[in-house]
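Step one of this worksheet: look at the structure below.
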Amino acid sequence: MIEVKNLHKAFGKGAKRVVAVDGASFVARDGEITGLLGPNGAGKTTTLRCLYTLMQPDSGQVLVDGIDAAADPVVVRRRLGVLPDARGLYKRLTARENIDYFARLHGIETQTMHARREALAEALEMRDILDRRTEGFSQGQRVKTAIARALVHDPKNVILDEPTNGLDVMSTRAMRTFLKSMKAEGRCVLFSSHIMQEVAALCDRIVVIARGRVVADESPDALRAQTGEANLEDAFVKLIGTDEGLAA
Amino acid sequence: MNAALTVFLKEVRENLRDRRTVINTLVTGPLMAPLIFVLLINTLVTRELSKAEAPLALPVAGAHYAPNLIAALKQDNVDIKPAPADPEAAVRNQDADVVLRIGSDFAKAWDKGEPAQVEMIYDASQQDARGSTERLRKLLDAYDQRTGALRLLARGLSPSILKPLAVADRDQSTPQSRSGMMFAMLPYFFILGGFIGGMALAIDTTAGERERQSLEPLLANPVPRWKILAGKLGATTAFAITTVLLSILAFAIVGQFLPTEKIGMTLTLGPRFVAATLFVMLPLAALLGSLQTLVAAFAKSYREAQTYLSLLMLVPIVPTLLLSVIPVKTQLWMYAVPLLGQQVTITRLMRGDPVPDSALVLCFVCTAVAALLASLVTARIYHSERLAISA
């Protein structure tokens, strides 16, 4: 379970100061898929970066399974599987070596590592590319490898920053199936997106974020009821008060 | 397995797969010093030998005014040539090293016993012409003194009254010390070797990793950042040390075949030279690795990092230049200064001068402390938030 309480984060000083996150609070529960939905520049990536302790919030608190991220960042990172916005692979290593590197950094025993890697390769349908160097991988193959290395330590909580970015239709569908299977395993899945249909099709809960604030935190049905719009996209536009940034 | 070791092994493996890095570490870096010295020595030896033995080609204007002088020069292995139309221009254009001009009133002054003027036309800024000029000056001086002595004798005086002072040269330089002066640049090439060996990794593990967007996922792992940095620094230092080791070995081997004794020099390149040089270079490789990583961590991109590091590469040349321009007496504190200490140690070892073990240890410890401090500063930079964020 991931809890975010009154998170604030700003960059720069004086006139150049930009407030990225301005008092965001929400909860992502185990066995649910939570979607962080918002237009470009709404503060999704910054919020997630505070969650996986890459950044320190100016104020507010992040709890992962009840553990304070500020107090014990290493333990929190151990409980998280993270697919960041930046998902570069090591080009001169094979997909297998990329995955094993992260497994070793997690301190996983060799046998467990083999078992986990094979299971993930099966689930992500990437067995055929395991022993190829990742240089020249397609976007889909790269995302698969990045997900496998992020989940090789079997984390209870999974954070994905725009996981379907740049994927084609088939890969996107495979990704959705994979997210659902993680939910079925009882994990807490939190992902960000600016794509309406994706969030609607997957999420048990939608957290709408705009200008660094949470403007709604509901199930898709409740969201439609709250705004009085039958269509989720209209509901979304109504919530954030502008259609800027939706074109993407 | 320890996280730092995991990072170290991954960086080594990844970079061993990069052909350019491997060539820099194993070939370019180590071979640079020996190759430059083979070239330098060979040019120098051939030039010195050919200049000393070959007849001196000398264009002379007005040779017929001084037949006795010309005859004496010819006896001293000088090949008299007709002068070019404009001697000054010929010297400036480097068509001639030196031109001798004898005026038409030479014979008249000579017969009267007055100083007869000859002109040496040369360009003192031409290093290459210096040998010919010196040689001609010596021949003219000798002829001058010979004739002067004969004239005194003809008047019944002893030539020694013109020599109230007798100066005798007692040069205390040994063949080793002469070669040491010439090889003052060598330590820089060892240091440069280590620099080249570590450079690719310093960039690749920081600015490169950020540019390829793999730093953020890496830092999301449950490993303290200083451990990640330790692994990366270790890999950079390991490559730098490999280059330095190969560089020293290559030089020790090639040095045996350099024809240095032909110009009266000997190099001391025994096992002690190899061991002591490696000993003082070890912490320096670590220090350079930290500094390179530190500088590369500041850079926004791979290219920027390369530019900064190229500038950083010029820093080690400062003590080398200082010591070759201002040759000061070696003092104990010099061993304590990183770069200067290595410079002094290696130069003295090559010259065959004694370097006490305590000085070696002082050099090692002080450079190691500097390396540690640089690592700590780099670790601080690594903890900053903006380091991880790509783009």
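Residues in the range A:193-216 that are touching a helix residue (DSSP H, G or I) at 6+ places or on another chain (Cβ under 9 Å), assigned to a strand (DSSP E or B) and not β-branched (Val, Ile, Thr): how many?
The total comes to 4.
Name the residues in the range A:43-66 that are closer than 17 Å to A:Leu190 by Cα and hydrophobic (A, V, I, L, M, F, W, C), would you?
Hits for the range A:43-66 are A:Leu48, A:Cys50, A:Leu51, A:Leu54, A:Val62, A:Leu63, A:Val64.
So B:Ser132 fits all but one of (1) under 20 Å from B:His64 (Cβ atoms); (2) assigned to a helix (DSSP H, G or I); what number is the exception?
So the condition that B:Ser132 fails would be (1).
Out of curiosity, is A:Leu190 closer than 20 Å to A:Pro39 by Cα, assigned to a strand (DSSP E or B) and not assigned by TED's automatic domain parsing to the domain that holds A:Arg142?
So A:Leu190 passes the test.
Can you report the number of residues in the range A:32-82 which are of a type in the set (Gly, Ala, Ser) and closer than 21 Å to A:Ala210 by Cα?
Final tally of qualifying residues: 7.
Kindly provide the set of residues from the range B:252-278 that are at pLDDT 85 or above, within 19 Å of the chain's Cα centre (by Cα) and not hydrophobic (A, V, I, L, M, F, W, C), ordered by number.
Once the filter is applied, which keeps residues that are at pLDDT 85 or above, within 19 Å of the chain's Cα centre (by Cα) and not hydrophobic (A, V, I, L, M, F, W, C), the range B:252-278 yields only B:Thr277.
For the range B:189-222, which positions are closer than 25 Å to A:Val75 by Cα, among the small types (Gly, Ala, Ser) and either surrounded by fewer than 23 Cβ atoms within 10 Å (Cβ to Cβ) or in contact (Cβ under 8 Å) with a residue 24 or more places away in the chain (or both)?
The answer is B:Ser214, and nothing else.
Go through the residues of the range B:27-50 one by one and say whether even a single one is touching a residue at least 40 places away in the same chain (Cβ under 8 Å), over 35 Å from the mean Cα position of the chain (by Cα) and away from every other protein chain (no Cβ under 14 Å).
No.
Pairs only if they're at least six apart or on different chains, beta carbon under 7 angstrom, first in the range B:54-82 and outside any strand (DSSP E or B), second surrounded by fewer than 12 Cβ atoms within 10 Å (Cβ to Cβ) and not charged (D, E, K, R); list them, first residue then second.
Sorted first by the residue in the range B:54-82, then by its partner, the pairs are B:Gly62/B:Ser104; B:Tyr65/B:Ser104; B:Asn77/B:Pro55.
I need a count of the residues in the range B:369-391 that are more than 24 Å from B:Glu216 (Cβ to Cβ) and crowded, with 16+ Cβ neighbours inside 10 Å.
So the answer is 3.
Answer with yes or no whether A:Met126 is more than 13 Å from chain B (Cβ to nearest Cβ), more than 21 Å from A:Arg49 (Cα to Cα) and touching a helix residue (DSSP H, G or I) at 6+ places or on another chain (Cβ under 9 Å).
Taking the combined requirement at face value, the residue satisfies it.
Is it true that B:Leu249 is closer than 30 Å to B:Asp18 by Cβ and modelled with pLDDT of 90 or more?
no
Would you confirm whether any residue within the range A:109-123 is hydrophobic (A, V, I, L, M, F, W, C), in contact (Cβ under 8 Å) with a residue 40 or more places away in the chain and buried (at least 20 other Cβ atoms within 10 Å of the Cβ)?
Scanning the range A:109-123, I find no residue that is hydrophobic (A, V, I, L, M, F, W, C), in contact (Cβ under 8 Å) with a residue 40 or more places away in the chain and buried (at least 20 other Cβ atoms within 10 Å of the Cβ), so the answer is no.
Which residues, taken from the range B:195-253, are touching a strand residue (DSSP E or B) at 6+ places or on another chain (Cβ under 8 Å) and either in a loop (DSSP other than H, G, I, E, B) or more than 14 Å from chain A (Cβ to nearest Cβ) (or both)?
Listed by number, the list holds a single entry, B:Ala220.
Do you know which of the residues in the range B:13-26 that are under 29 Å from the mean Cα position of the chain (by Cα) and within 14 Å of chain A (Cβ to nearest Cβ) is farthest from B:Ala240 (Cα to Cα)?
B:Arg20
Against the condition loosely packed, with under 15 Cβ neighbours inside 10 Å and either within 19 Å of the chain's Cα centre (by Cα) or not assigned by TED's automatic domain parsing to the domain that holds A:Ala150 (or both), how does A:Gly31 come out, does it pass?
yes
Within the range B:11-23, does at least one residue satisfy the condition of being loosely packed, with under 13 Cβ neighbours inside 10 Å, modelled with pLDDT of 80 or more and within 30 Å of B:Met350 (Cβ to Cβ)?
yes
Within the range A:170-201, which residues are in contact with a strand residue (DSSP E or B) (Cβ under 9 Å, 6 or more places away or on another chain), aliphatic (A, V, I, L, M) and at pLDDT 90 or above?
Selection gives A:Leu179, A:Met182, A:Val189, A:Leu190.
On the basis of being without any contact (Cβ under 8 Å) to a residue 12 or more places away in the chain and assigned to a helix (DSSP H, G or I), does B:Val22 make the cut?
It is true that B:Val22 is without any contact (Cβ under 8 Å) to a residue 12 or more places away in the chain and assigned to a helix (DSSP H, G or I).
Which count do you get for residues in the range A:37-93 that are within 14 Å of chain B (Cβ to nearest Cβ), touching a residue at least 40 places away in the same chain (Cβ under 8 Å) and basic (Lys, Arg)?
Total satisfying the criteria: 5.
Hey, among A:Thr145, A:Thr112, which residue is of a type in the set (Ser, Thr, Tyr), closer than 25 Å to B:Thr206 by Cβ and either not assigned by TED's automatic domain parsing to the domain that holds A:Ala184 or not in a loop (DSSP other than H, G, I, E, B) (or both)?
Of the residues listed, the single one that is of a type in the set (Ser, Thr, Tyr), closer than 25 Å to B:Thr206 by Cβ and either not assigned by TED's automatic domain parsing to the domain that holds A:Ala184 or not in a loop (DSSP other than H, G, I, E, B) (or both) is A:Thr145.
Search the range B:292-348 for residues being hydroxyl-bearing (Ser, Thr, Tyr) and farther than 21 Å from B:Phe251 by Cα, and hand back the single one that is surrounded by the most Cβ atoms within 10 Å (Cβ to Cβ).
B:Thr293
Looking at the range A:152-163, is at least one residue among the polar types (S, T, N, Q), crowded, with 16+ Cβ neighbours inside 10 Å, closer than 23 Å to B:Leu215 by Cβ and more than 10 Å from chain B (Cβ to nearest Cβ)?
yes
The values are calculated or read from the model by the stated rules, or taken from the named source; none is laboratory data. Here the structure is a predicted model, which is why all the values come from computation and not from measurement. As a convention, Cβ positions derive from the backbone with ideal geometry for all residues, glycine included, and neighbour counts pool all protein chains shown.
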